[in-house]
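The values are calculated or read from the model by the stated rules, or taken from the named source; none is laboratory data. Everything numeric here is computed off the predicted structure, so don't read it as measured data. No Cβ is skipped: glycine too gets one built from the backbone with ideal geometry, and neighbour counts run over all protein chains shown. Only protein heavy atoms, including side chains, enter the accessible area calculation; ligands, DNA and RNA are left aside. Shrake-Rupley method; radii C 1.70, N 1.55, O 1.52, S 1.80 Å.
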Amino acid sequence: MREFLVEITTTVPEGTGQDEVDRRRAAEAVRAKELAATGNLARLWRPVGELRSIGVWRAADEAELHEKVLGTLPLRPWMTITITPLESHPNDPGNAGRTK
């Protein structure tokens with residue numbers, strides 16, 4: 001699978017009831033755990049003091065990332081997403097001891 005840096009900002013539409021927000025957030029947590037279990041969600045951070053997330057996500061390609069991964073998130077209709085494809089860096093300490 002390829003890796004992608006994904007920045008997500010979620011904006012709840014005006015007039016949305018708190019019950020709907022709570023329902024979608026709970027479903028989002030469940031779906032995130034499922035995607036982590038399948039290897040599609042590798043890491044996820046929230047910058048201090050910001051209402052957005054930054055994560056490393058995996059998929060076969062960007063189309064699959066959009067359709068079968070991010071597109072399955074319950075909060076997706078409220079999200080603005082920026083995707084940056086990633087590739088290994090030769091100096092990445094996480095690659096120490098790996099053969100090419």
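Structure values in brief
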read-out: The chain, helix-only ellipticity at 222 nm - DSSP H runs n ≥ 4, -39,500 (n - 2.57), divided by all residues, nearest 500; value: -7000 deg cm²/dmol
read-out: Dipole of the chain [Lys/Arg +1, Asp/Glu -1 at C-beta], most positive-end residue of Leu51, Gly17, Asn40; value: Asn40
read-out: Principal axes of the chain: Cα extent on each, largest first, Å; value: 53, 29, 20
read-out: Between helix 18-37 and the chain: long-axis angle, C-alpha atoms, 0 to 90°, nearest 10; value: 20 degrees
read-out: Accessible area in square angstrom per residue, the chain, 1.4 angstrom probe; value: 69 Å²
read-out: For Thr84, net neighbour charge (Lys/Arg +1, Asp/Glu -1) across residues whose Cβ lies under 13 Å away; value: -3
read-out: The stretch 1-86, accessible surface, carbon-and-sulfur percent (1.4 angstrom probe); value: 52 percent
read-out: Charge dipole magnitude, Cβ of K and R +1, D and E -1 - the chain, Cα centre, debye nearest 20; value: 340 debye
read-out: Local net charge near Ala60, Cβ-Cβ under 14 Å (Lys/Arg +1, Asp/Glu -1); value: -2
